[in-house]
1. Kirkwood Rh over alpha-carbon pairs of the chain, then Stokes-Einstein at 25 °C and 0.890 mPa s: what D in µm² s⁻¹, rounded to an integer?
2. Quickly work out the residue 181-to-residue 299 label distance, labels modelled 7 Å from Cα along the C-beta direction, and quote it in nm with one decimal.
3. What Kirkwood radius, in Å to one decimal, follows from the Cα pairs of the range 326-407?
4. Taking the square root of 5 times each eigenvalue of the Cα gyration tensor, what semi-axes in Å does the equivalent ellipsoid of the range 610-665 have, largest first?
5. May I ask you to compute the full-extension gain from residue 429 to residue 552, defined as 0.36 nm times their residue separation minus their alpha-carbon distance, rounded to one decimal in nm?
6. Could you tally the net charge around residue 451, taking each other residue with its Cβ under 12 Å from the Cβ of residue 451, Lys/Arg +1 and Asp/Glu -1?
7. May I ask you to list the aspartates and glutamates whose Cα is less than 17 Å away from that of residue 561, ignoring any residue fewer than eight positions away on the same chain?
8. Kindly work out what percent of the DSSP beta bridges joining two residues of the chain are antiparallel, to the nearest 5.
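Derivation of every value follows stated rules applied to the coordinates shown; laboratory data play no part. Since we're looking at a predicted model, the values are computed, not measured. All Cβ positions, glycine included, derive from the backbone under ideal geometry; neighbour counts span all protein chains shown.
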Amino acid sequence: MRQKKLSNRKYYRSSLAALFLSASVSPGVAGAQQDLLREPQVFASENNVLDLVMVANARPVLDNAATGWVYSICRRKWANQRSCPNDASTVADYGGARLAVQPGDQLKIRLVNTLPKILDASHATGHHAYLGVNPTNLHTHGLIVEPRVATPSQPSFGDDVFLSVFNSANGGIPAGKRDPATGMRLDMHGSVIARDYVDYQIDIPQNHPLGSFFFHPHIHGISLNQISMGMSGIITVGRASDYAHGNRDNAAFSDANVRHLVLKDIQVQGNGVALSQQDPAFCDPAQPASAGSCAGVGDYDGGAWRFTVNGQSYPQIRVTSPEGEIWRITNSSGNVTYNLQIASASGQSLLTQLVSVDGVTISLPVDTPPDTVVKLAGGRFKVRPCPGAAPDALSLPACVSELTMMPSARAEIWVAYRDATGRVASTRNGGFVLKQKGLQMGSGDTWPAVNLASVTFAQFGAPQHVDRNLRISGDALKGFKATGIFRKKVPYADRAPLPTGCAALPPGHKRRIFFGIADQNDPSSFGMGYEQIDQFGNVVASQDVTQFDPANPFVCLPLDKGQKPANETWELVNLATENHNFHIHQTKFYQLTPTTSSPDTKGAAVMQDNLPLPVATPKIDVEQQGGACTMDQWHNGECDSKPVLVSIPFPQVGEFVYHCHILEHEDGGMMARIKVVPSPR
């Protein structure tokens, strides 16, 4: 809920393991007939181009249980096309579609807005009335692509979130001000105003990492509303067979055995109306887990909070290949953090191999200690040694028993039934459940336990290529090679004078980013603070915690000399007693540990774009100041919150954002603008 009750809160110190609530969970029963899990429908590039029309519209979802907002997607057949035919060539699934592209491809999307007005967004419309008419846009989350603004010579947009597409039928479009350079209308913050539709052209770099990404709207103030109603889908770059290989003969893993799991949730009230502004108190988190949903309580009695996989409630997943499957999992929820486990009837977790994090395959030297793997991955996984790790592995196999996935996180795991020695074994075993365990977000929201899908292993015959673990060719390290995306010259950048106030960090300097509350009288006034720290640890520049102001970039930096990606070190500090996570557009980052100062040559690397932050432990009472410490209190030692240190390469030029990806927090102001410009050298 946007207005949080701060009384009777307990403070938790988290490495995320401390967030877990133990819950009594038994496999759910969905009825006499369970549907098999269906793959999201695919639009694949042809001749290095994927050209689509994507119409944002209201449609019945979940077997007419409610009306949601979805994308109707079809291939573009003519230049002025603004709709999709009502036939099998159009995909309009609540579960979302998959856009399959390759490095070097061009992704073209005409986005058309036919959404209705928002009925439950008073939190946003009180500040900006135009948000009530439901403008939208599109963000290709996780892709390392240019956030390009349209120009007269190139009228399409790149991955630019400072853009609002309005449905003229809803009225209420702000007049804005005409930009003489481009002819486009700009709102009071300098964001582009578009009517009814807009064109995107996303150029995928040739050296882009291979993996899983996703797309969703990014309108500040109502991002949660649009995503909660169903507006998201996934993007894949390359194929799993490009980086996953057998451990016997190095044969490529079969793409036929790759599965995509998109986790979505929607709250449907007893009257059949879906909530776009979700309420974390919709269910009683103490109730035992059931199959695919939890029952509404209080004002929501008779309703259900539906948790779906690919838009399906409690489907059956049948693993039939003797060599198991790679699961590409995306948390497309606006708010919910998933603590995932594949559990047996006795509650024991099935061990799986971690392949990729946030769209980048991991790179781990064979002598990497397990605790280093945990730290590199931000405490997101319960890491266990992989049975029978091969000494000649391309990357040390890392096995996990649980995955903690905050909103927008992606992970790829190799799933297979194993015998007592850890070998892949023939079996017919249907007693497993993919489940969301109960989860407490520090002093903040509590997420209910839900059984998401049943899992049946029907693996017959000896595996031909894989019997213990996969061999992974890791893009996390490859990206820092001379031709990698985090090292190679930015191809479209040409030297230019620096804008006023824009400069590279001096040697030894770093940035410190705070996550907190801007107005201590308003616990929903989420914001971010900023400091620049010199080589001696002194603060040389500071900005107190403030809510998002798109006209005020906290950070401006140039590329490195030769127009190569700049690299900076950032400290991330959570001042709040509830959890936040750090997400940044147009790049990835890696967490620094005492033994991993750089992945440039042979070090361990897990690249991420979504990092959970530990909660603060105040030594003073902060309930009356929004449940968060101030920056001064942190400096004075009145608030214990250990900074998380990350290294960030900047391989794209343009203006974009970093923020907490719990969208209640982002919409509430926990976001900041950043600008990267060409080097003058």
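1. 97 µm²/s
2. 4.5 nm
3. 13.7 Å
4. 28, 14, 11
5. 38.6 nm
6. Value of the local net charge: +2.
7. Partners found: 494.
8. Beta bridges within the chain, antiparallel portion: roughly 75 percent.
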